[in-house]
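Worksheet: one structure, shown below.
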Amino acid sequence: MNVDFDPSLEAFREEVCAFLDTAPTDAIREAGRKTTSVFAPFEATMEWHRLLYARGWAAPAWPVEYGGTGWSLEQRYIFSEEHWKRDLPPLLPNGLIMVGPLLMELGTPEQKRQHLPGILSGKDYWTQGYSEPSAGSDLAALSCSALADGDDYIINGQKTWTTLAHKANKMFMLVRTNRDGKKQQGITFLLLDRTDYPGMHIRPIIGLDGVAEQCEVFFDNVRVPQAGRVGAENEGWSVAKALLKHERGGAAHSPAIRRKLDAIRAAARDATASFGGPLSEDPVFQRDLGELEAEVASFEHVEKLVLSGHALADDPAMPSLNKVMSSELSQLLSIMMTRVAGIDALPLQLEALEVGSGVQPLGDPFSLVAMPYYLNTRAASIYAGSNEVQRDLISRNLQTLRA
């Protein structure tokens, strides 16, 4: 795939640039600059989602029949590249990248009709009810139960690390419907069409960065319709694995990673090294930045191969490989950001990070987000399946590179 020198794509790039340069509001641009995790500031990002939907660009990877753009792989990559160059907020992934594509694959016609339009338009936001206090990376150990009762299930138990549950109006979740046999058996995948059922309680968790992004969710005899089940009862583990393909490899990550690297390089020119000159001229820093540049370039090449239809794209290990590479690169970049920002990254500046607060940060915008980004990326090698587990899957499944 060549997105750099193909003249036929230049007109498309110009169209994308013209829209991205004019459509976002000041609040949307501010949200992009203040994004410190996978999940950008909620309200402004959902506003951006709706603007992209109005343009027909909310879901570039979706099939046209469900509201996708019909863009080629190269066009989708260009859009992502230009989007990140402008520090615009990434659209929230749970609906567009995760449960939406899952429903296209495994949902009933009624489930598609009921849920896909709201995901596409930004009317609905879905939170993911997977992890529990005793079931994180070992997700099959989950115990939150759903007992069949007529046309409903009655849910009891708890979920945790449920991202933006306090902002969501929908949830997809895994529940235990049978305790016999292996722990992967007896799990069912459910769609909850609201998050305010009687007996359902959501409690935000304040993270290391001081922000309430994660939540605990408690279920006390919560009655939900069985019509929200995806797949057969007790076969939710297979449904969850299908969704993980999209979660781990459903979008191009390298443009965002490249943008972070460019920001580090620019900030280093203004930072002071121990010898008194610009940090960018420090030989040790140059060496470390060069090594990181090589890692980023390698990841870009692998991702372009996958997106262009190379045999790697169909390799069963590829989603795991993508997840390991992107998450660990994000962690390396976050370390480099704090190294460049230095002590200016230390103050906790919650009001300055709030979109629309008008509070000026201590230091520059780069230093404002460096420490929150570092703290958030500590979890990158754990969520969506820990990297230790992913390496085991890669070792068992990787076929293309062995051929």
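When the Cα atoms of the stretch 7-91 are enclosed in a convex hull and the volume is divided per residue, what value in Å³ results? Don't skip to the answer; put the middle values down first.
Working: hull volume 7.8 nm³, N = 85.
Spread over its residues, the Cα hull of the stretch 7-91 gives 92 Å³ apiece.
Tell me the label-point distance for the pair Ala297, Leu362, using the 7 Å Cα-to-Cβ offset, in nm and rounded to one decimal.
Going from the Ala297 label point to the Leu362 one covers 3.9 nm.
Using only Cα atoms, find the angle between the long axis of helix 283-307 and the longest principal axis of the chain, and express it within 0 to 90 degrees, rounded to the nearest 10.
Taking the Cα atoms of the chain, the angle to 283-307 is about 40 degrees.
Over all Cα pairs of the stretch 44-200, how is the pair count split among 5 Å bins, expressed in % and running from 0 up to the last occupied bin?
The percentages, shortest bin first, are 2, 8, 16, 19, 18, 14, 11, 7, 4, 1, 0.
Take the Cα of Phe12, step 7 Å along the line toward its Cβ, and report every residue of the stretch 74-92 whose backbone nitrogen sits under 11 Å from that point.
In the stretch 74-92, the label zone of Phe12 (backbone N under 11 Å from the point 7 Å along Cα→Cβ) covers 74-80.
Once neighbouring chains are kept in place and the probe is 1.4 Å, which whole percent of the accessible area of the chain is contributed by carbon and sulfur? Mind showing how you got there, number by number?
On the way: 9810 of 18470 Å².
The value for the chain is 53 percent carbon and sulfur by accessible area.
Note the direction-averaged projected area, equal to a quarter of the hull surface, for the Cα convex hull of the chain, in nm².
Working: hull surface 83.7 nm².
Directional mean of the projected Cα hull area for the chain stands at 20.9 nm².
Provide the descending list of Cα extents for the stretch 126-234 along its principal axes, expressed in whole angstroms.
41, 28, 21
Would you list which lysines come within 29 Å of Lys123, measuring only between C-alpha atoms, while excluding same-chain residues fewer than 8 positions from it?
The qualifying lysines are Lys34, Lys85, Lys112, Lys159, Lys167, Lys170, Lys241, Lys245, Lys323.
Pop out the Kirkwood hydrodynamic radius of the stretch 226-295 from its pairwise C-alpha distances, inverse of mean 1/r, in Å to one decimal. Display every interim value, and only then the final one.
Numbers: mean 1/r = 0.0631 Å⁻¹.
Kirkwood hydrodynamic radius for the stretch 226-295: 15.9 Å.
Among Pro41, Val64, Ala23, whose Cα lies farthest out toward the positive end of the dipole of the stretch 7-91, if unit charges sit on the beta carbon of Lys, Arg (+1) and Asp, Glu (-1)?
Pro41
Quick one: compute the contact order of the stretch 126-234, relative version, from alpha carbon pairs under 8 angstrom and 6+ residues apart, as a percent.
On the way: 274 pairs, mean separation 33.2, N = 109.
Relative contact order for the stretch 126-234 comes out at 30 percent.
In a Gaussian network model over the chain where Cα atoms closer than 10 Å are linked, find which of Arg50, Arg29, Arg113 has the largest mean-square fluctuation.
Arg113
Can you give me the distance in nm between label points at Leu350 and Ala148, each placed 7 Å from the Cα along the Cα-to-Cβ direction?
So the label points at Leu350 and Ala148 sit 4.6 nm apart.
Restricting to Cα atoms and excluding each atom paired with itself, what does the Kirkwood estimate give for the stretch 149-304 in Å? Numbers along the way, then the final one.
Values: mean 1/r = 0.0510 Å⁻¹.
That comes to 19.6 Å for the stretch 149-304.
Quick check on the stretch 344-403: what are the equivalent-ellipsoid semi-axes from the Cα gyration tensor, as sqrt(5λ), descending, whole Å?
Working: eigenvalues 314, 23, 20 Å².
Ellipsoid half-lengths, sorted descending, are 40, 11, 10 Å.
Within the stretch 306-345, which residues have the backbone N less than 12 Å from the label spot 7 Å out from Arg287 along Cα→beta-carbon, could you tell me?
none
Give me the 1.4 Å probe accessible area per residue for the chain, excluding ligands and nucleic acids, in Å². The partial results should precede the final answer.
Details: 18470 Å² over 403 residues.
Value returned for the chain: 46 Å² of accessible area per residue.
Just to confirm the number: angle between the C-alpha axis of helix 387-397 and the first principal axis of the chain, 0 to 90 degrees, nearest 10?
Tilt of helix 387-397: around 80 degrees.
In percent, how large is the relative contact order of the chain, given Cα pairs closer than 8 Å and 6 or more residues apart? Present the calculation step by step, with values, prior to reporting the outcome.
Values: 673 pairs, mean separation 58.1, N = 403.
After rounding, I find 14 percent.
Would you mind computing Rg(Cα) / (2.2 N^0.38 Å) for the stretch 299-403, counting N as its residues? Could you put the intermediate results ahead of the total?
Values: Rg = 18.1 Å, N = 105, 2.2 N^0.38 = 12.9 Å.
Dividing the Cα radius of gyration by 2.2 N^0.38 Å gives 1.40.
Whats the longest run of the chain with zero chymotrypsin sites (Phe, Trp or Tyr not before Pro) that are DSSP loop and have at most 14 other Cβ atoms within 10 Å?
Values: sites that count: Phe5, Phe275.
With chymotrypsin sites (Phe, Trp or Tyr not before Pro) excluded where exposed in loops, the chain gives 6-274 as its longest stretch.
Given the C-alpha centroids of the stretch 294-356 and the stretch 146-172, what is the distance between them in whole angstrom?
Cα centres, the stretch 294-356 to the stretch 146-172: 31 Å.
In Å, what is the Rg of the alpha-carbon atoms in the stretch 243-379, and how long is Dmax?
Radius of gyration, then largest Cα-Cα span, for the stretch 243-379: 17.1, 51 Å.
So which trypsin sites (Lys or Arg not before Pro) in the stretch 332-403 pass both tests, a DSSP loop state and at most 16 other Cβ atoms within 10 Å of the Cβ?
Arg378
For the stretch 27-67, just the Cα set please: Rg and Dmax, both in angstrom.
Over the stretch 27-67's Cα set, Rg and Dmax evaluate to 11.7, 34 Å.
The values are calculated or read from the model by the stated rules, or taken from the named source; none is laboratory data. Computed from a predicted model, the values in this text were never measured in an experiment. Neighbour counts are summed over all protein chains in view; Cβ atoms, including those assigned to glycine, are modelled from backbone coordinates with ideal geometry. Remember, those area values only see protein heavy atoms, side chains included, never the ligands or the DNA or RNA. Shrake-Rupley method; radii C 1.70, N 1.55, O 1.52, S 1.80 Å.
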